[in-house]
Amino acid sequence: MPGLQMGIDFGTAMLQICVAGKHRRLAEPSVMVCDADSGKPLAIGSSAVEMVGRTPSSLKSVYPLRNGMIDNLEAAQQLLRPYITLLCGNRMFKPSVLFSVPSAATRNEKRAWMSVLTDCGVGRASFIEKPLAAAIGAGEDCVSPGGVLCVEIGAGCTDAALLSVGSVCLSASSRVGGNSMTESIRQYISHARGVEVGFLTAEYIKKQVGCAIRREAEVAVLVNGKEVQTGMPVNIEITSTEVYWVLRSDLKALHETIQQLLENAQNEQIADVMKNGILLTGGGALLYGIDTWLSEQLSMPVRVAEDPQSAVIRGIEKVLQSGGKLFESEYVYLASQSFGEEQK
């Protein structure tokens, strides 16, 4: 097929793009800084994230996605288009794209993504569910009949899916993700400590001392904030034990999402999961002890994929390189064709 083949994983926090056969991968934060009046983008990706929380009133930070879905259609186009143009260069043919979507994405949401991709210069687009791509990227055999349970903990949502024969058999999703955990930390510091901190500071706290199980040796981090009552700057120390208790409700919701999927699974599928274990991918899988905690709660083995944040784009890259039975079974379907008429 003429033209370039690209893979795109557009997440709430991170945009990752690969080019088939080129061993080239791009990863940038899914944020842009725009003029508050005109909406014209002034910075995108890494250059924009450095400005978040530091912009004057004439500028605003924009995140095109919320909870894994498009929140601002125009912003999604403005953020994605420059990167596609950069990777395509001056080519005669429009690129073909394999794009990841949450397993719970509706037909209308996929149509919205098709609109974004078309406006960004894409000639042909296909979709693949994130958990399926993540499991492939982690090296799982998703083509055989044996069941694989992959839980993709992204920034905006958690997407759990039971995979077999190259397709999603069952799925369950939750709006609990890395961002909701970060927001829980930020609200705790504001209410319990009387100090306001920015989202990026709360994210830093989560990465440094966040944990799903109590650490053997407590650790702490010193951060800057602003006193709620006086508005004056202040330094505060946040411990891992504090964050452990803060994240209880988010982790409980995550556990319930996986449990809901398991309750709807067939007996043979449960046996496969008990044998193979649960695979965790996405940035949320990096939370200290989350695999141990889930294993205790669910009474089954749980493991974290190697480099879980890039599992989806690695899986997309593998599919682009080989195609194989996923394409033969028409599970990865051509959106440009299938959206022309209602599926039967």
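Among the strands (runs of 3 or more DSSP E) confined to the range 144-226, the ones with at least 3 residues that are among the polar types (S, T, N, Q) are located at 167-174. Under 6 Å between Cβ atoms, at least 6 apart or on separate chains: pull out the pairs that start in the range 231-245 with a residue that is under 14 Å from GLY194 (Cβ atoms) and assigned by TED's automatic domain parsing to the domain that holds ALA212 and end on any residue that is assigned to a helix (DSSP H, G or I) and not hydroxyl-bearing (Ser, Thr, Tyr). Pairs found: ILE238/ILE205. So which of SER184, SER249, SER180, SER174 ends up being loosely packed, with under 14 Cβ neighbours inside 10 Å and in contact (Cβ under 8 Å) with a residue 60 or more places away in the chain? Result: SER249 is the single residue among SER184, SER249, SER180, SER174 that is loosely packed, with under 14 Cβ neighbours inside 10 Å and in contact (Cβ under 8 Å) with a residue 60 or more places away in the chain. So for the range 212-235 (the condition being of a type in the set (S, T, N, Q) and surrounded by 19 or more Cβ atoms within 10 Å (Cβ to Cβ)), does at least one residue qualify? No - not one qualifying residue is present in the range 212-235. Answer yes or no as to whether VAL151 is among the β-branched types (Val, Ile, Thr), in contact (Cβ under 8 Å) with a residue 12 or more places away in the chain and under 20 Å from LEU298 (Cα atoms). Against the criterion (among the β-branched types (Val, Ile, Thr), in contact (Cβ under 8 Å) with a residue 12 or more places away in the chain and under 20 Å from LEU298 (Cα atoms)), VAL151 qualifies. Scoring VAL168 on the criteria (1) β-branched (Val, Ile, Thr); (2) crowded, with 21+ Cβ neighbours inside 10 Å; (3) in the same structural domain as LYS275 (by TED's automatic domain parsing) leaves a single failure, condition (2). SER115 meets the conditions (1) modelled with pLDDT of 90 or more; (2) within 30 Å of ARG186 (Cα to Cα); (3) of a type in the set (S, T, N, Q) in every case but one. The failed one is (2).
Per the conditions (1) more than 22 Å from PRO308 (Cα to Cα); (2) under 16 Å from the mean Cα position of the chain (by Cα), the sole criterion not satisfied by ARG111 is (2). For the range 216-263, a residue qualifies if it is closer than 19 Å to THR292 by Cβ, among the charged types (D, E, K, R) and within 26 Å of the chain's Cα centre (by Cα), and the qualifying residues are ARG248, ASP250, LYS252, GLU256.
The values are calculated or read from the model by the stated rules, or taken from the named source; none is laboratory data. Keep in mind it's a predicted model, so treat the numbers as computed, not measured. Neighbour counts run over all protein chains shown; Cβ positions are idealised from the backbone, glycine included.
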